[in-house]
Amino acid sequence: MTATGNRTRTDVSTGTLRDGPLQGIRVVEFGQLLAGPYVGTLLGDFGADVIKVEPPPKGDAMRDWGRLRHNDHSLWWSILARNKRSVTLNLRLEEAQRIALRLAERSDVVLENFRPGTMERWGLGPADVHALNPLVVYARVTGYGQTGRYRDRPGFASASEALSGLRYINGHPDQPPPRYGISIGDTLAAQSAFTGILMALYARDARGAEGQVVDAAITDACFAVTESTVLEYEKTGVVREPTGTRLPRIAPSNVYRSKDDRWVVIAANHDTLWRRLAALIGKPELADDPRFNSHRARGENEDLLDRLIGAWAAQYTAAELDRMVNEAGVVCAPVYNAADVYEDPYFRERGLLISYDDSAHGTITAPGVVPKLSNTPGSVRSPAQWTVGADTDAVLADLGFEEEKIHELHREGVV
């Protein structure tokens, strides 16, 4: 980083960026669990030097989370903590807070996901950091954001998915709105914060702007993907309801049971695609049938369409449907579980599944880095750090602490 008075601006112009487009960007990650730390994972995957600050002695609670374990260790941590260094700081102690502020001052990005006001109480809020270095991008991930009447509520993805309306439209009519099988709200919020950080870094480094606060909320991110549901209510008074396996008036587009009792998605909700599918199922005349010859007509007769396609699909295995329908130029895919994903070579061909060594689990197969960049791709440069605070001494030394002082900080429980 190059200095300008008491400010710093990252200079990567002489680098090859072989380790990703964010090579030379330093991130200090405060926070635990998923929504905030996953932002750090995304930044690290694309080359940033991510320093994860954890509470001593046990570290981030996510180290022990996950339904399934292997070798008595979490499997989730292997993915979430890759490309990160681990530093311990007891942020409830003033000396640890001073060290954290010193670290933040020397970073490009500060990332936190505590409840609003927590970082301010520790003297680590945006105003504290920007007073020392106005170029820092300060990213905050919370349940409800830094403003609004719900800002001080405790937040989890489950509640934000509910409040945003996302959970209401998921599932089947007349049944309780189900959760997704993953923490989708957390990952949506992380993607939102990641995008905000990249835009703030661009504004700073390409446009000469100073650092700014990126305010990302789980509720915001969930609401952002609810499409036109609120506008539909405003202009028509109609509340979009859960519809199970299909979207109303988008037909045909549904899951159909195969001969071998698998589910397969077939989507021909376009005139050209529908004409191809009608020919494939042996009923080409249906393409010009007034009940099906337009997008609107098919939507009004979607139940009949589903019965016709369902009866045809039931004659074939999922593999046969996948081959036949795609070869006919119609959209089709089997509904995969994790085992199917693992066995399909496509996911390795695309780099969606990659293998690397992990000290707790041996060789693991994990999600690759997306999106794919042709000249400066991301990568997994280092596996998850399983020793809590393994990089503490090195980072403190980099901040200018002498060895004797570092030992003292350990003895006093500061780190």
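Give me the extension gain from Glu343 to His295: residue separation times 0.36 nm, minus the current Cα-Cα distance, reported in nm with one decimal.
Taking Glu343 through His295 to full extension adds about 13.6 nm, to one decimal.
Mind sorting Met199, Met119, Met62 by how few other Cβ atoms lie within 10 Å of their own Cβ, fewest first?
Sorted ascending by nearby Cβ count, the order is Met199, Met62, Met119.
Treat each spin label as a single point 7 Å out from the Cα along the C-beta direction, and report the Val230 to Leu247 distance in nm.
Output for this residue pair reads 1.9 nm.
State, as an integer percentage, the relative contact order of the chain based on alpha-carbon contacts under 8 Å between residues 6 or more apart.
Value for the chain: 19 percent.
Can you give me the angle between helix 302-313 and the longest principal axis of the chain, using Cα atoms only, in degrees from 0 to 90, rounded to the nearest 10?
Relative to the chain, helix 302-313 is tipped by roughly 90 degrees.
Taking +1 at the Cβ of each Lys and Arg and -1 at the Cβ of each Asp and Glu, which of Leu166, Phe46, Gly282 sits farthest along the dipole of the chain towards its positive end, judged by Cα position relative to the Cα centre?
Value computed over the given set: Gly282.
Can you put Thr187, Thr376 in order of Cβ neighbours within 10 angstrom, beginning with the fewest?
Thr376, Thr187
Among Ala390, Ala224, Val137, which residue has its Cα positioned farthest towards the positive end of the charge dipole of the chain, with +1 placed on the Cβ of Lys and Arg, -1 on the Cβ of Asp and Glu, and the dipole taken about the Cα centre?
After comparing all options, I get Ala224.
Hey, rough spin-label estimate for Arg115 and Ile354, points 7 angstrom out along Cα→Cβ, what's it come to in nanometres?
3.8 nm
Given R₀ = 60 Å, what would the calculated FRET efficiency be for Asp205 paired with Ala311, taking r from the Cβ atoms and rounding to 0.05?
Computed FRET efficiency for Asp205 and Ala311 comes out at 0.50.
To make sure I understand, if each residue's beta carbon is the centre and we count other beta carbons within 10 Å, what order do Ser228, Ser158, Ser107 fall in, fewest to most?
Ser228, Ser158, Ser107
For the chain, modelled as a Gaussian network with Cα springs under 10 Å, which listed residue fluctuates most, Ala221, Ala366, Ala157?
Ala366
So if each residue of separation counts as 0.36 nm, and I subtract the Cα-Cα distance between Ala127 and Thr365, what length gain in nm does that give?
Length gained, Ala127 through Thr365: 81.5 nm.
Under 18 Å between alpha carbons, and skipping anything fewer than 8 positions from Lys372 in its own chain: which aspartates and glutamates qualify?
Correct list for Lys372: Asp19, Asp45, Glu349.
Cα axis of helix 94-105 to longest principal axis of the chain: angle in degrees, 0 to 90, nearest 10?
70 degrees
Say each of Leu399 and Arg411 gets a label point 7 Å from the Cα, pointing the same way as Cα to Cβ; how far apart are those two points in nm?
Rounded to a tenth, the inter-label distance reads 1.9 nm.
Provide the gained length on full extension for the span Lys259 to Asp303, in nm with one decimal, where the gain is 0.36 nm per separating residue minus the Cα-Cα distance.
Working it through step by step, the gained length comes to 13.8 nm.
Values in this text are rule-based calculations from the coordinates and carry no lab data. Predicted model, so just to flag it, every value in this text is computed and none were measured. Glycine also receives a Cβ, built like all others from the backbone with ideal geometry; neighbour counts cover every protein chain displayed.
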